[in-house]
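Beneath this line is the structure, given in structure tokens, with notes to follow.
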Amino acid sequence: MNTMFADRRKAVGSAMGPNACLLIASNDHVSRNIHHTYSFRQDSYFWYLSGFNESDSIIVIKTDSEANLSSYMYVPPKDEHSELWDGYRAGPKGAVDDYGFSKGYNNHEADQTIPDLLAGCNKVFSLIGYKEDFSKRVAGWVKQARLKDRHTAAIEHLDAGPFLSSLRRVKSEKEIQLMKKGCEISAQAHKAAMQFVAPNMNEQSLEAFYLYKFAEQGSRFPAYTPIVAGGEHACILHYVENDQTLNDGDLVLVDAGGEYECYASDITRTYPVNGKFSDEQLAVYKVVLEAHKQAIEAVKTGNHIMQPQEISEQVITEGLVDLGILDGKTEDLLEEGAHKNFYMHKVGHWIGLDTHDVGAYSDGNNFTNYEAGMVQTIEPGIYISSKSSVDEKWKGIGVRIEDNILITDQGNENLTQSAPVDPKEIEALMSS
Ligand code: GLY
Ligand code: MN
Ligand code: MN
């Protein structure tokens, strides 16, 4: 049995204190069309606390007055007919034997038994504002528990989001191992794709190549819908149509990362469809690359999360002035936010079980300081659409370079560095 999940339930117990309960729901299957659903992906919080990959389930983690922990899982019942059509179910016994819960229930027993589990608790935690239907059920169970137990202190209903997301924000050794593996799979896919792409290929063929390379190495699903954007499509930040021809002379921006054991990777590389950067493409690329390099250097303990952001804005603004795309003094342009016409998103985000992982970026007063074990993306970009008021030669160039950076006690480690970013290295790889 994997103790990683049981250890996390213990950490939840410590965070909640005595006489408390946490309720978390699994994901449900989502219809794609009649009789067919989208591929099932477990809810990240649910997975974090169980490693259990079935739908229609609920976790209850409970502490008693001495802070002793017990855990319960409500799961789909064993059922020969359903299992013949849809596959194995662990059932309540499996929840105990294979997933280490104190007790398993059939999911249809939830309404009957959960109010009894909650009675006597002083605090009930759930993810408030997260899943509407489940929130309604939790509110009903809390109400019933209050009626059952009128002699103890009132039950407070509290948001589990802050403590669960701060637990998830710092990754354990085991999580780091999984993320390293997933990041390497995706980096290798980018590297192989640079050798695969050719003029006149359709964007969706390149997308399919990435998905194949992810799956071949163990990441069956991408962590998010890949962006495969030839030429000016790169200037649409969330372009996912991926159905146009890749033209000779254009760049292609590919933002694609596989998911490995539910951990995301999130990589962007921008490379020339024909294997050779034009002068203008290279000039813009080098500005983004410098911002990427300097921002990564700022991802370290002792710094806070806004430092790479500010550095990337500074480098991109200076670079755009040098290229004649922006006109003015860097200081004034930064003050005006002139770079936002070309670099309109943030430099990065936490990454983990979710691509845009949970975890606060500030406590309301101060930006979050880096700690060893945090993982964030660094992904500066410049996007010059044909609607921009710039010299024709720059129009239609969109570049982003994105890596996944682990903060360590010594500084940081780039988990996705196997995919080249150096333009000479990219050209050499593409011509080999
Ligand atoms: N691939 C999504 C992002 O870069 O944030
Ligand atoms: Mn990202
Ligand atoms: Mn990305």
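The values are calculated or read from the model by the stated rules, or taken from the named source; none is laboratory data. Quick caveat, the model's predicted, so the values are computed rather than measured. Please note: Cβ atoms are built from the backbone with ideal geometry, for glycine as well, and neighbour counts cover all protein chains shown. Protein only, heavy atoms only, side chains kept; ligands, DNA and RNA dropped before computing areas. Shrake-Rupley method; radii C 1.70, N 1.55, O 1.52, S 1.80 Å.
Within region 395-420, the set of residues being small (Gly, Ala, Ser), assigned to a strand (DSSP E or B) and within 16 Å of ligand 2 (Cβ to nearest atom) comprises just one member, Gly398.
Per-residue answers, yes or no, for (1) β-branched (Val, Ile, Thr); (2) within 16 Å of ligand 3 (Cβ to nearest atom):
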| site | (1), (2) |
| --- | --- |
| Asp403 | no, yes |
| Leu415 | no, yes |
| Val421 | yes, yes |
| Met430 | no, no |
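The set of residues in region 91-117 that are in contact (Cβ under 8 Å) with a residue 24 or more places away in the chain and either closer than 22 Å to Thr3 by Cα or among the β-branched types (Val, Ile, Thr) (or both) comprises Ala95, Asp98, Tyr99, Gly100, Phe101, Ser102, Lys103, Gly104, Tyr105, Ile114. Per the conditions (1) in contact (Cβ under 8 Å) with a residue 24 or more places away in the chain; (2) under 13 Å from Lys180 (Cα atoms), the sole criterion not satisfied by Lys393 is (2).
For region 228-237, check the following and say yes or no: at least one residue is at positive phi, more than 13 Å from ligand 1 (Cβ to nearest atom) and not small (Gly, Ala, Ser).
No, that holds for no residue.
Among the residues that make up region 162-170, is at least one of them of a type in the set (Phe, Trp, Tyr) and either more than 16 Å from ligand 1 (Cβ to nearest atom) or over 21 Å from Val399 (Cα atoms) (or both)? Yes, the conditions are met somewhere in region 162-170. The criterion of being hydroxyl-bearing (Ser, Thr, Tyr) and touching a residue at least 40 places away in the same chain (Cβ under 8 Å) holds for Tyr45.
For region 386-394, the count of residues that are polar (S, T, N, Q), away from ligand 3 (no atom under 14 Å from the Cβ), open to solvent by less than 30 Å² (accessible area, probe 1.4 Å) and within 24 Å of Asn247 (Cα to Cα) is at least one. Of the numbered criteria (1) out of contact with any Lys or Arg (no Cβ under 9 Å at 6 or more places or on another chain); (2) touching a residue at least 24 places away in the same chain (Cβ under 8 Å); (3) open to solvent by 60 Å² or more (accessible area, probe 1.4 Å); (4) not in a helix (DSSP H, G or I), the one Tyr88 fails is (2).
For region 403-422, does any single residue satisfy the condition of being under 15 Å from Gln309 (Cβ atoms), within 14 Å of ligand 1 (Cβ to nearest atom), at pLDDT 95 or above and not β-branched (Val, Ile, Thr)? Within region 403-422, none of the residues are under 15 Å from Gln309 (Cβ atoms), within 14 Å of ligand 1 (Cβ to nearest atom), at pLDDT 95 or above and not β-branched (Val, Ile, Thr). For region 216-241, which positions are of a type in the set (A, V, I, L, M, F, W, C) and either in contact (Cβ under 8 Å) with a residue 12 or more places away in the chain or within 12 Å of ligand 3 (Cβ to nearest atom) (or both)? Scanning region 216-241 gives Phe221, Ala223, Ile227, Val228, Ala229, Ala234, Cys235, Leu237, Val240. Taken residue by residue, region 103-118 has no member that is closer than 30 Å to Gly359 by Cβ and assigned to a loop (DSSP other than H, G, I, E, B).
Annotation note: Cβ proximity below 8 Å between a residue of region 336-362 that is among the charged types (D, E, K, R) and a residue that is assigned to a loop (DSSP other than H, G, I, E, B) and within 13 Å of ligand 3 (Cβ to nearest atom) (sequence gap 6+ or interchain) occurs for Asp357/His349; Asp357/Ile351. Number of residues in region 241-296 that are open to solvent by less than 60 Å² (accessible area, probe 1.4 Å) and on the phi < 0 side of the Ramachandran plot: the value is 38.
Of all the residues in region 203-227, those that are out of contact with any Ser or Thr (no Cβ under 8 Å at 6 or more places or on another chain), open to solvent by 50 Å² or more (accessible area, probe 1.4 Å) and within 16 Å of ligand 1 (Cβ to nearest atom) number 2. Candidates are the residues of region 146-202 that are of a type in the set (Gly, Ala, Ser) and farther than 30 Å from Tyr212 by Cβ; the one that is surrounded by the most Cβ atoms within 10 Å (Cβ to Cβ) is Ala160. In summary, Tyr383 fulfils each of the numbered conditions (1) of a type outside the set (Lys, Arg); (2) under 30 Å from Glu175 (Cα atoms); (3) open to solvent by less than 10 Å² (accessible area, probe 1.4 Å); (4) within 16 Å of ligand 2 (Cβ to nearest atom) with the single exception of condition (2).
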